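What follows is calculated from the coordinates using simple rules that are stated; it is not laboratory data. For clarity, every value in this text was computed on a predicted model and none was experimentally measured. Heads up, the Cβs are rebuilt from the backbone with ideal geometry, glycines too, and the neighbour counts pull from every protein chain shown.
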Amino acid sequence: MFNALVLNQEGKATIAAVTQIDESQLPQGDVLVAVDRSSLNYKDGLAVTGKGKIIRNFPMVPGIDFAGTVIESADERFTAGQQVILTGWGVGERHWGGMAEKARVKADWLVPMPQQCDADKAMAIGTAGLTAMLCVQALIDGGVTTDSGEVLVTGASGGVGSVAVTVLSKLGYNVAALTGRVDQNGELLKQLGATTVLERSELEADGRPLEKGRWAGVVDTVGNTVLANALAQTDYNGVVAACGLAGGFALPTTVMPFILRNVRLQGIDSVMCPVAVRQQAWDKLIELLPESFYTQATETIDLAQVPQYAEAITNGQVTGRVIVKM
Ligand code: NDP
C-alpha cells in the first residue's frame, strides 16, 4: 500500500483526499516508477478543484508530471534504478498521474533524467518549464535574435512565465515581464532577469488592431485581450508563442498583425510534443537555468497541501513553481 492523492466526484463537486492505494489498483503500463517528486501546474489546479473539465473518469490520481526511479520495466529502454521524468501524454488527466508514491505508465511517455539533473530540479521545471522552453525555442526558430528587440513574457510570475523570463534573460534577450502583481513580484522578476516589469492592466483593455510595434517576440501564457494586444504591438516579422489561457481562452484579434506586419502566431503544446524535442528542451533547460532559479522561484509542498495550492493557482496566487514531494 502507498499514498496517493485521489480525486472523486460527489454530485458536481470534485473531492481530493490523500488515500492509501494498492499497487494492483494502478493502471496498465510497462514501467512501474517510484515517484519522488511531482509538481503543481495550472492544469492540475483545474483538475483538483474541478474548475476545469480536465478529468472525465473518477477515481483519478492527478499530477500531469513526475520524476522518480524505475522499480521494474517490461520495456528494454528502461531498467530498475534508472531515473526518469514524465510530462504530459494525458497522464493525470486520463491515466493515473504523478501525485502518488508510485505510478505505472507507458515506456513511450518517459524521458531519461538529463545529466546534471535530479528529481527535485526536474519538477522545479516540470511541465510549465518544459513549455516555457518550447516557447523560447519557437521564438529562436522564428528568427527572433537578441538584436531583434525586446521580448514580452505575460503571466510572468507564474510557472511558465518565471522559467521563460529566466531562460530568455540567460540567452541574452531583453525581457519585459507583464504581471498583475508588480508590488509582490516585481523585484523577483528583475532578479530572474527581466529588464522591464509592466502592469498587466497595460495590455488588458480592448485595444486597436495595430499599435506601435514594441516586441520582437512574445511568450504568452494568458490568452484573451492580453494576447490580442501583444499581437497588435508585435514588430514586423515578430513571433508570438501562445501556450496558455490563464486569462481566458478567447482571442479577440484581427488579421492586421499577420497581413501588415508579417507577425507569426505559433501555438505551443507540451502534452503530445515528440520525445526527441522534449529531450533537447530538457538538456537546454538544465544548461541555462542558474542554481539561483531553483531557490528563488520554487517552493515545496506535500500531497496533503495540494488541494489548498490547487485553489490558489487557479486564482492566480501562486508565484513561480510548486514542487510536490512524496
Ligand atoms: P500559473 O498559474 O503558475 O501562471 C499563470 C500566471 O498568469 C499567473 O501567475 C498570473 O501571473 C497570470 N494570471 C493568472 N490569472 C490571470 C488572469 N485572470 N488574467 C491575466 N493573467 C492571469 O500557471 P502555469 O504557469 O502553470 O500555466 C500558465 C498557462 O499556460 C496556463 O493557462 C496553462 O494551462 C498553460 N500551459 C499550457 C501548456 C501547453 O502545453 N500548452 C503547458 C503548461 C501550461 P501574474 O500574476 O504575473 O500576472
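When the chain is modelled as a GNM with alpha-carbon springs shorter than 10 Å, which of Thr131, Thr146, Thr87 fluctuates the most? Checking each option, the largest mean-square fluctuation is seen for Thr146. Placing +1 on the Cβ of every Lys and Arg and -1 on the Cβ of every Asp and Glu, with no other charges, gives the range 164-263 a dipole of roughly 240 debye about its Cα centre.
For the pairs Lys43/Lys106; Lys121/Lys284; Lys43/Lys121; Lys102/Lys170; Lys190/Lys284, note any where the Cα-Cα span goes beyond 25 Å. Distance filter (> 25 Å) returns Lys102/Lys170. Calculated on the alpha-carbon coordinates, the convex hull of the chain measures out at 121 cubic angstrom per residue. Computed from the alpha carbon positions, the gyration tensor of the range 63-170 leads to an equivalent ellipsoid with semi-axes of 31, 14, 12 Å, biggest first.
When the Cα convex hull of the range 183-326 is projected onto planes of every orientation, the mean area is 10.5 nm². Taking amide H atoms as placed 1.01 Å from N in the peptide plane, the amide H of Asp30 lies under 5 Å from those of Val105, Lys106, Ala107, each 5 or more residues away in sequence or on another chain. Projecting the Cα atoms of Val324, Ile268, Gly247 onto the charge dipole of the chain, computed from C-beta unit charges around the Cα centre, puts Gly247 farthest toward the positive end.
With everything on Cα atoms, drop me the angle between helix 182-192 and the longest principal axis of the chain, reported from 0 to 90° to the nearest 10. The angle comes out at about 80 degrees.
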